[in-house]
Amino acid sequence: MQFSDVLKTRVSTRSFLKDPVPEEDIRRILDAALYAPVGMHRFETLHLSVVRDKDILERIRLCAVKASGDANADPLHGAPVLIVVSSSDTGTVGALNVSCLVENMLLAATDLGLGNLYVRGVIADAAKDAALVSDLKVPQGFLPMASVAVGTAAEKIVPRKTPKNDVTKTSYV
Ligand SMILES: Cc1cc2nc3c(=O)[nH]c(=O)nc-3n(C[C@H](O)[C@H](O)[C@H](O)COP(=O)(O)O)c2cc1C
C-alpha cells in the first residue's frame, strides 16, 4: 500500500473476528514498533508483550468489567491478539515513546490489511493487577501503558477521503 493510503485506511476497528493473526504478520507489526523514534535512544525502557492466550485476554477484559461495573464490557472487541507496550519510564517522555511504538504498529497492521485499535483505558486498569502484569511477562520496574489490538476486522475497512478531524487548527508563524 502507498504510505498515503495507509494513513487514510488506518481507522479504529471495534469489531474483530476470532481468526488467528498469522505469525509472520505479528512479526512485521512488532518489527514496525522497533523502527519508532525513542527519546534519547532509550530503547531499553520499552517492552512488548504479545498476548494471544485466551485466558489472559479474558482477564484483561475482566479488568474493564471490574472498573466499569458493566459485565459486558469488552474493550478489546474480540481481538485475538493484543500487543501491550510497557515502559520503565512512566513520565511524559515514556508515554510519548510508547505512543510512537503504538502508532507504528497501527500503521503496519493497516498495511497488512488487519483491523487494529489503540487500547489504553483497560491497560491502565490491568496495570494495577500485579498477577496479571507478571503473567504478561512484563519485566520488573516496567508498567503496561498502552496496547494495540489486532485481528481481522468484522467489517470492511473503508479508507477515508478526508481527515476525520476538522477540529484541530494549525497556526503558521
Ligand atoms: C492515547 C490514545 C488512547 C486511546 N485509547 C483508546 C481506548 O482505550 N479504547 C478505544 O476504543 N480507543 C482508544 N483510542 C482510539 C481513539 O478513540 C481513536 O483513535 C479516535 O476516536 C479517532 O478514531 P480513528 O482511530 O478511527 O481515527 C485511543 C487513542 C489514543 C491516541
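Observations on the model:
- Phi-based couplings in Hz for the stretch 75-83 (Karplus 6.51, -1.76, 1.60; Gly and Pro marked x): x, 9, 6, x, 4, x, 9, 10, 9
- Span-like helix check, the chain: qualifying full DSSP H segments, with Cα axial length of 18 Å or more and mean Kyte-Doolittle of 0.0 or more, are 54-68, 92-111.
- Within the shell defined by Cβ-Cβ distances under 12 Å, the residues around Arg59 carry a net charge of -3, with Lys and Arg each +1 and Asp and Glu each -1.
- A simple spin-label model places pseudo-atoms 7 Å from Cα toward Cβ; at Glu23 and Lys54 they are separated by 2.1 nm.
- Fluctuation leader among Ala124, Ala146, Ala108 - the chain, Gaussian network, Cα springs under 10 angstrom: Ala124
- Computed label-point distance, nm, for sites Phe43 and Val173 using a 7 Å Cα→Cβ extension: 3.5
- GNM top mover of Pro75, Pro22, Pro37 - the chain, alpha-carbon springs below 10 Å: Pro22
- Residue-count net charge about Pro159 - beta-carbon cut-off 10 Å; Lys, Arg +1, Asp, Glu -1: +3
- Ranked by how many other Cβ atoms sit within 10 Å of their own Cβ, fewest first, the residues Ser49, Ser147, Ser86, Ser134 fall in the order Ser134, Ser49, Ser86, Ser147.
- With the convex hull of the Cα atoms taken as the outline of the stretch 3-151, the averaged projected area works out to 8.6 nm².
- With neighbour counts taken as other beta-carbon atoms within 10 Å, the residues Tyr118, Tyr172, Tyr35 rank, fewest first, as Tyr172, Tyr35, Tyr118.
- Look at Met105, Met40 and count the other Cβ atoms within 10 Å of each Cβ; fewest to most, that gives Met40, Met105.
Read the figures in this text as sums done on the coordinates, not as results from a lab. What you see is a predicted model, and the numbers here were worked out from it, not measured in a lab. FYI the Cβ positions are ideal-geometry reconstructions off the backbone, even for glycines, and counts take in every protein chain you see.
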